[in-house]
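A quick write-up on the structure given underneath.
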Amino acid sequence: MGVIVGTTKLLGVIGYPVEHSLSPVIHNAALAKLCESQETGLDYVYLPFAVKPENLTAAIAGFEAIDLRGFNLTIPHKQAILPLLSKVSEIAQAVGAVNTVWKTDQGWQGTNTDVQGFLAPLKAHPRPWNNLEVVILGNGGAARAVVVGCAQLGVGAIHVVGRDLDKLQSFEQSWNSDLGAKLQVHLWRDLPNLLPRAGLLVNTTPVGMFPQVNQSPLPQSNLAQLPPGAIAYDLIYTPNPTLFLQQAQALGLVAIDGLEMLVQQGAAALEIWLNRPVPVAVMGQAARHHLGL
Ligand code: NAP
């Protein structure tokens, strides 16, 4: 981080808890790089703010008062922020959650960069996406960004797998016809019928996340049902790789971990705030260094 002086501008992340967020690490690494270069003329610092749910409105008013330029949001604020914004991007409306907010003359505006983050590592593994079926494990917040990302790719079909029929049905009904993709919901027991046709399998459940490093959302015998060349994508970034991805690699599948998504959603947010390209590689290095990878 550079030296903080009287003219340093503020960015940040709000969450509750916020202590484990990697965002301060990756953003301050990029800002340090950009700010050390005289030619950018930039002077920013990125701070964590632990904001309880009941204090969200007060926190946003406080941000206005101290002239904070922009912020990220993590659990539990990603939906609650929506009514406090003057404008919400189409993509954030589709996902139903905002992770990036910036200040304008008309008030705070928000978008969701998780979709861009999710799609970035898939660009290295191009496929005829329109023929491809996707299986998404889990139907929570992250699954919504994955669904929107898969719809943007133009995939042939999206199958969302969950353990609670009521939640699955609400998930299915929450999408309007604008999604532009065929979406079906299933219980876990349907997986053996879905996996042989799936070119992309995405884990959006927290199963396998530290400290449950010996768990996987599905047995290797299920993974072995995927066709050759299929992609196994785990949104979890710690441990790295997860058991799910270790097993996928052992089967010769393409494995993608959640770190690139995390870094790319952060880079997309920083580009919005600074209105210029940002050093994505520096952000990735900082994240890996922090996680001991
Ligand atoms: P969430 O909203 O709580 O959703 C979690 C989903 O997983 C729910 O559908 C839940 O099912 C399901 N689930 C939880 N435990 C399960 C279990 N034991 N067996 C089967 N299903 C289970 O959480 P989220 O915000 O979507 O985050 C999910 C994961 O994605 C986390 O590990 C998070 O760290 C990761 N993530 C990564 C990035 C990134 O940038 N790499 C971004 C966002 C999230 P029920 O609804 O039935 O409880």
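The values are calculated or read from the model by the stated rules, or taken from the named source; none is laboratory data. Since the model is a prediction, treat every value here as computed from it, not as a measurement. Virtual Cβ from ideal backbone geometry, glycine too; neighbours counted across all protein chains shown.
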Check your understanding: Would you say Gln225 is modelled with pLDDT of 95 or more, exposed (fewer than 14 other Cβ atoms within 10 Å of the Cβ) and either in a loop (DSSP other than H, G, I, E, B) or more than 11 Å from the ligand (Cβ to nearest atom) (or both)?
Key -> no
Check your understanding: In region 22-53, how many residues are of a type in the set (S, T, N, Q), surrounded by fewer than 20 Cβ atoms within 10 Å (Cβ to Cβ) and modelled with pLDDT of 95 or more?
Key -> 0
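Which of the residues spanning region 207-222 are assigned to a loop (DSSP other than H, G, I, E, B) and not hydroxyl-bearing (Ser, Thr, Tyr)?
Matches in region 207-222: Val207, Gly208, Met209, Phe210, Pro211, Gln212, Val213, Asn214, Gln215, Pro217, Leu218, Pro219.
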Point to revise | Which listed residue is out of contact with any Cys (no Cβ under 8 Å at 6 or more places or on another chain) and surrounded by fewer than 20 Cβ atoms within 10 Å (Cβ to Cβ), from Val282, Val263 | key: Val282
Exercise for review: Looking only at region 246-262, count how many residues are of a type outside the set (Val, Ile, Thr) and either within 14 Å of the ligand (Cβ to nearest atom) or under 22 Å from the mean Cα position of the chain (by Cα) (or both).
Suggested key: 9
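If you check Gln38 against the conditions, is it of a type in the set (S, T, N, Q) and within 15 Å of the chain's Cα centre (by Cα)?
Details: of a type in the set (S, T, N, Q): yes; within 15 Å of the chain's Cα centre (by Cα): no.
Spelling it out, it is not the case that Gln38 is of a type in the set (S, T, N, Q) and within 15 Å of the chain's Cα centre (by Cα).
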Point to revise | Qualifying positions in region 33-78 - away from the ligand (no atom under 16 Å from the Cβ), in contact with a Pro (Cβ under 6 Å, 6 or more places away or on another chain) and of a type outside the set (D, E, K, R) | key: Tyr46, Pro48
Review point. Which condition does Asp234 not pass, out of (1) surrounded by fewer than 19 Cβ atoms within 10 Å (Cβ to Cβ); (2) of a type in the set (D, E, K, R); (3) within 15 Å of Ile136 (Cβ to Cβ), if it passes all the others?
Key: (1)
Practice item. Hey, can you tell me all the residues within region 131-164 that are assigned to a strand (DSSP E or B) and either within 10 Å of the ligand (Cβ to nearest atom) or more than 16 Å from Thr204 (Cβ to Cβ) (or both)? Key: Glu133, Ile136, Leu137, Ala157, Val160, Val161, Gly162
Check your understanding: For Thr100, which of the numbered conditions (1) more than 12 Å from the chain's Cα centre (by Cα); (2) in contact (Cβ under 8 Å) with a residue 40 or more places away in the chain; (3) more than 9 Å from the ligand (Cβ to nearest atom) fails to hold?
Key -> (1)
Exercise for review: Hey, can you tell me all the residues within region 29-53 that are of a type in the set (Gly, Ala, Ser) and outside any loop (DSSP other than H, G, I, E, B)?
Suggested key: Ala29, Ala30, Ala32, Ala50
Check your understanding: Identify, please: which residue in region 165-206 is assigned to a loop (DSSP other than H, G, I, E, B) and in contact (Cβ under 8 Å) with a residue 12 or more places away in the chain and is, among those, farthest from the ligand (Cβ to nearest atom)?
Key -> Gly180
Practice item. Scan region 122-130 and give yes if some residue there is in contact with a helix residue (DSSP H, G or I) (Cβ under 8 Å, 6 or more places away or on another chain) and under 30 Å from Ile231 (Cβ atoms), otherwise no. Key: yes
Revision key, fill the gap. Residue set Ala255, Ala250, Ala198; condition at pLDDT 95 or above and crowded, with 21+ Cβ neighbours inside 10 Å; output residue Ala198
